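Have a look at the structure below before the remarks.
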Amino acid sequence: MKIHWVKAGKILPVDTGGKIRSFNILRHLTREHEIVFLSYYGGPQDAAYETAIRQLLPGAQPIHLAGPQGSIAQSVDYLLRLPSSAPYAVKKFSHRKVQDAVAEWLKAGSLDVAVCDFLSASLNFPLDSSIPVVLFQHNVETMLWRRMADKEKNPLRKLSYAIEARKMARYETRSLQRFQHVIAVSENDRDTMLRLSPGCPITVVPTGVDTEQYKVVPSVVGIPPLVVFTGSMDWEPNIDAMEYFCKEIWPVVLVNFPDARFQIVGRNPNARVQRLASASVEVTGTVASVIDYLRAATVVIVPLRIGGGTRLKIFEAMAMAKAMVSTSIGAEGLDVTDGRDLLIADNAQLFADSILRLLRDPKLRQSLEQAAAALAARYDWSQIARRFSNVLSEAAVNFRSGPRSQNTQASSVQL
């Protein structure tokens, strides 16, 4: 197949969940298909990025766009776009230059299928297309913004998130019907999307992991205990999770294990995260690789209270045979079982107690480690990309064979 893939923002470095998912699927697809990858980005023009992406993904076409830079300029841009019915998280990624490039490719007649990567790129696609356009929906954006609005305490940010959530609910509902097919990353996301837009054709292609990179490591002794969290530390759900953990959970752990240490591992730590650093809490900032930090961890945590999609960080830690404690939201959409693959805890006391159980009981910890590694081994990216390819191929066949109304049965790819 010849596939046109459109993504807002740089895909390198591969340091966020969406980038990891898209990049790994793309690199496997390029082995069997011809990919025209349109990566458009703002900020200063980055010649090194454009060279690197062309080398890694042959057929890549990076497009640099001028746009607002700095917090003040972005705030002004937000206010100027506020009257738009489209949510700002989508509107700010629409651009005439990209729309023209996409329209030109869709009219060329040489493509079999197009992929809109995230809802953010959706306004750059025309309403009518001569080929099927598949929406790759990593999150249910409406749910994500609603959760952010519910948890936010700052009045101005809370109002902003609430406005965005209302706009997103209307926009996402229409978009799910607009595209010829939708790919979700979990059964939970698919069910939520179907409640927004009943009858929408959706296939689930689950999250994967690079089992060659994230290899099983021997169980650590855990003396002194080391608790680790990994993630992009400029993302609001992760910021909220770290504030919640450090203020309500970590003190309980320290009472029982005064020599325990906690590492917050991830790029661009927000000022709110940096303020959490202490004698027992290390904020690493950007690291070359999270693997060494995971290797040394006694317990890995995912205390998310906001979010959508699936958490790649869980499969990465599982692939390295790490015992984990997560909230239900943190493990949402993953085929995991509480007490077998990890421990689920949805309040601060239970979360702290779960960590303490793992620190005190090496046999329980090792049992979870073994189950986690066995589960993650089933989700290598090569398998996930094969299933993604099958969905695109089926969408192309269905598009050629008849009207979209004949293809409204939601489906699921099982591993």
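The values are calculated or read from the model by the stated rules, or taken from the named source; none is laboratory data. Quick caveat: nothing in here was measured; it's all calculated off a predicted structure. Counting neighbours? That spans all protein chains shown, and the Cβs are built from the backbone with ideal geometry, glycine included.
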task: Would you mind stating whether Gln137 is touching a Leu at 6+ places or on another chain (Cβ under 9 Å), buried (at least 23 other Cβ atoms within 10 Å of the Cβ), touching a residue at least 40 places away in the same chain (Cβ under 8 Å) and assigned by TED's automatic domain parsing to the domain that holds Gly17?
output: yes
task: With the checklist (1) free of Cβ contacts under 8 Å to residues at least 12 places away in the same chain; (2) surrounded by fewer than 17 Cβ atoms within 10 Å (Cβ to Cβ); (3) under 23 Å from Leu123 (Cα atoms); (4) not hydrophobic (A, V, I, L, M, F, W, C) in hand, flag the one item Lys19 doesn't pass.
output: (2)
message: What pairs come out if I take residues in the stretch 152-169 that are assigned to a helix (DSSP H, G or I) and pair them with residues that are of a type in the set (D, E, K, R) whose C-beta lies under 6 Å away, six or more apart or interchain?
response: Lys158/Glu152; Tyr161/Glu152; Ala165/Arg146; Met168/Glu141
query: When the stretch 140-149 is examined, which residues are found to be touching a residue at least 40 places away in the same chain (Cβ under 8 Å) and assigned to a helix (DSSP H, G or I)?
result: Glu141, Thr142, Met143, Leu144, Trp145, Arg147, Met148
field: Given (1) at pLDDT below 95; (2) surrounded by fewer than 19 Cβ atoms within 10 Å (Cβ to Cβ); (3) of a type outside the set (Val, Ile, Thr); (4) not in a loop (DSSP other than H, G, I, E, B), index of the condition Lys313 fails
entry: (2)
- prompt: Restricting to the stretch 120-170, what's the tally of residues that are touching a His at 6+ places or on another chain (Cβ under 7 Å) and either closer than 20 Å to Gly17 by Cβ or among the hydrophobic types (A, V, I, L, M, F, W, C) (or both)?
  reply: 1
field: Thr207 in a loop (DSSP other than H, G, I, E, B) and in contact with a Ser or Thr (Cβ under 8 Å, 6 or more places away or on another chain)
entry: yes
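Yes/no matrix, rows are residues, columns are (1) touching a residue at least 24 places away in the same chain (Cβ under 8 Å); (2) farther than 23 Å from Phe23 by Cα; (3) not charged (D, E, K, R):
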site	(1), (2), (3)
Phe351	yes, yes, yes
Leu359	yes, yes, yes
Arg365	yes, yes, no
Leu368	yes, yes, yes
Leu375	yes, no, yes
Ser382	yes, no, yes
Asn390	no, no, yes
Ala396	yes, no, yes
- prompt: Can you tell me which residue in the stretch 240-253 is nearest to the chain's Cα centre (by Cα), limited to those that are among the aliphatic types (A, V, I, L, M) and either modelled with pLDDT under 95 or more than 15 Å from Arg275 (Cα to Cα) (or both)?
  reply: Ile249
